[in-house]
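Have a look at the structure below, then the notes.
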Ligand SMILES: C[S@@+](CC[C@H](N)C(=O)[O-])C[C@H]1O[C@@H](n2cnc3c(N)ncnc32)[C@H](O)[C@@H]1O
């Protein structure tokens, strides 16, 4: 094993030691030999779920911690980075605007950014860079009425509302009312007035666009939550896939003709990603695959895009887009 691999494994073990739940993982990990392949550091079922593009570098990144990413909401990323550096008393180059993602800024892992006055005043939100890339790849045209059907605490709702602008709006729904309450707070802080929060599941109403950011087994978030690597089972992947298919069936009829349906997960398993996309297209002839924007060196060859953690040094996720004809 190379030196930098060892450092990454050490970092995981250090993280692991912070949680009783993970203590067992630490002990298991002690059994690794110096020349163990990287695949042996992840659950044994995982490799068979990855796409053919997955590389050794992807494993190395998955086994390391990501920076903390934020998204500037009103001012330029450069000025937000400078202000945050001052407020947190960090070294001059510790907070840096991304060269590739329009509003992304990287901060040292575990920076207490939520304590900064610029966070309290809504200058930025905490949002992973890969998560930010999702809507940049969808590139919704300003205007239109969208539904964020699995809005959670609204990471993507806020970004979508900003991209749609004052001519567009977002209805945000999630079965967890506590998450919607948090979303309402974040929307106020961001001074976004084009978000409507819906506590009842939308029915019999049509939208120009629907985002189904589905619940998933979560392997794309393992860098941030290493204990999930141990907790996630192959059975949970197949359970998630069943719910994902049901959610697409539920929301597909609410897309207006000519409208867009976006499906995404923070899973790296093709069963929850490409598999769901091809089953959906097979069973919904009223929808056609709609290519995502070719940006960031990524392109959609017909089945969606997997953003691996390596690509932006963030989380992993999958996104695909369909048009109702
Ligand atoms: C991946 S998270 C969404 C994250 C959120 N979009 C964001 O960007 O922060 C999936 C969400 O789906 C919600 N969910 C679970 N079951 C659902 C259902 N049957 N219908 C709609 N949402 C559901 C969960 O409560 C969870 O908030």
Pull out a ≥ b ≥ c, the square roots of the eigenvalues of the alpha-carbon gyration tensor of segment 130-324, then state rounded if a/c is under 1.5, prolate if not and a/b is larger than b/c, and oblate in the remaining case. rounded
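Using a Förster radius of 22 Å, what is the FRET efficiency between residue 166 and residue 286 based on their Cβ-Cβ separation? Nearest 0.05, please. Numbers along the way, then the final one.
Values: r = 31 Å, r/R0 = 1.42.
In this case the efficiency is close to 0.10.
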One point scatterer per Cα, no solvent, Debye formula: log10 I(q)/I(0) for the chain at q = 0.16 Å⁻¹ comes out as -1.45
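Can you order the peptides 198-204, 98-104, 144-150 by their average number of other Cβ atoms within 10 Å per residue, highest first?
On the way: 198-204: 10.6, 98-104: 17.3, 144-150: 23.6.
The packing order, highest mean first, is 144-150, 98-104, 198-204.
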If each of residue 90 and residue 56 carries a label point 7 Å out from its Cα toward its Cβ, how far apart are those two points in nm? 3.2
Do the sum for the chain: with -39,500 (n - 2.57) for every DSSP H run of n ≥ 4, divided by all residues, what is the mean residue ellipticity at 222 nm, to the nearest 500 deg cm²/dmol? -10500 deg cm²/dmol
So how far apart, in nm, are the two label points at residue 109 and residue 246 if each is 7 Å from Cα heading toward Cβ? 3.6
By average C-beta atoms within 10 angstrom, highest first, the peptides 243-250, 294-301: 243-250, 294-301
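Report the antiparallel proportion of the DSSP beta bridges in the chain as a percent, rounded to a multiple of 5. Mind showing how you got there, number by number?
Details: 22 of 40 bridges.
Around 55 percent antiparallel, to the nearest 5.
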For the chain, modelled as a GNM with alpha-carbon contacts under 10 angstrom, which of 89, 302, 275 fluctuates the most? 89
State the extension gain, in nm to one decimal, for the chain segment bounded by residue 44 and residue 76, taking 0.36 nm per residue of separation less the distance between their alpha-carbons. 7.1 nm
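Suppose the chain between residue 301 and residue 65 were pulled fully straight at 0.36 nm per residue; how much longer would it get relative to their current alpha carbon spacing? If you can, show how the numbers build up before the last one.
Details: separation 236, 0.36 × 236 = 84.96 nm, distance 2.96 nm.
Difference between extended and current length: 82.0 nm.
Under the rule a/c < 1.5 gives rounded, and otherwise a/b versus b/c splits prolate from oblate, where does segment 33-150 land using the Cα gyration tensor? Please report the intermediate quantities before stating the final value.
Numbers: a/c = 2.64, a/b = 1.41, b/c = 1.87.
Verdict is oblate for segment 33-150.
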Could you grab the relative contact order for the chain? Cα pairs under 8 Å, six or more apart, rounded to a whole percent. 17
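Residue 225 to residue 278: extension gain in nm, 0.36 nm per residue of separation minus the Cα-Cα distance?
Working: separation 53, 0.36 × 53 = 19.08 nm, distance 2.94 nm.
So the extension gain works out to 16.1 nm.
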Please work out the C-alpha center-to-center distance from segment 258-321 to segment 33-79 and express it in whole Å. 18
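Where a number appears in this text, it was derived from the coordinates with a stated rule and is not lab data. Computed from a predicted structure; not experimentally measured. Every residue, glycine as well, gets a Cβ built from its backbone with ideal geometry; the counts of neighbours run over all protein chains shown.
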